[in-house]
Amino acid sequence: IFGLMKSFGAAATATGAEKQTILAEGIAEALTATSFGLSTALLCLLIHGIFTVKQQAILANINYPVWL
């Protein structure tokens, strides 16, 4: 969001070819932040899935112990 805000704010005062360069830089910054956020979210989902499976295994062992 901040990359887009910066680029559109600067593009309002720029002329001609400068606008394209400013917009491209701002969009690139916004896409970089988006990709970082998505990769962080995917990593968190993976870790959550691992912990959920481990929790279910522990609960199953508590409820139905192997030694019975």
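The values are calculated or read from the model by the stated rules, or taken from the named source; none is laboratory data. As the structure is a computational prediction, the values presented were derived from the model and not from experiment. Reconstructed Cβ throughout: ideal geometry from the backbone, glycine too, with neighbour counts over all protein chains shown. Each accessible area value is taken on the protein alone, full model and side chains, heavy atoms only, with ligands, DNA and RNA left out. Shrake-Rupley method; radii C 1.70, N 1.55, O 1.52, S 1.80 Å.
From the residues in region 1-44 that are hydroxyl-bearing (S, T, Y) and outside any helix (DSSP H, G or I), which one is farthest from the chain's Cα centre (by Cα)?
Ranking the qualifying residues of region 1-44, first place goes to T15.
Could you grab me the full set of residues in region 13-49 that are open to solvent by less than 80 Å² (accessible area, probe 1.4 Å), aliphatic (A, V, I, L, M), out of contact with any helix residue (DSSP H, G or I) (no Cβ under 6 Å at 6 or more places or on another chain) and free of Cβ contacts under 8 Å to residues at least 24 places away in the same chain?
A17, A24, A41, I47
Kindly establish whether G37 is modelled with pLDDT of 85 or more and on the phi < 0 side of the Ramachandran plot.
yes
With the structure loaded, tell me whether A60 is closer than 27 Å to I1 by Cα and either out of contact with any strand residue (DSSP E or B) (no Cβ under 6 Å at 6 or more places or on another chain) or surrounded by 10 or more Cβ atoms within 10 Å (Cβ to Cβ) (or both) or whether it fails that test.
no
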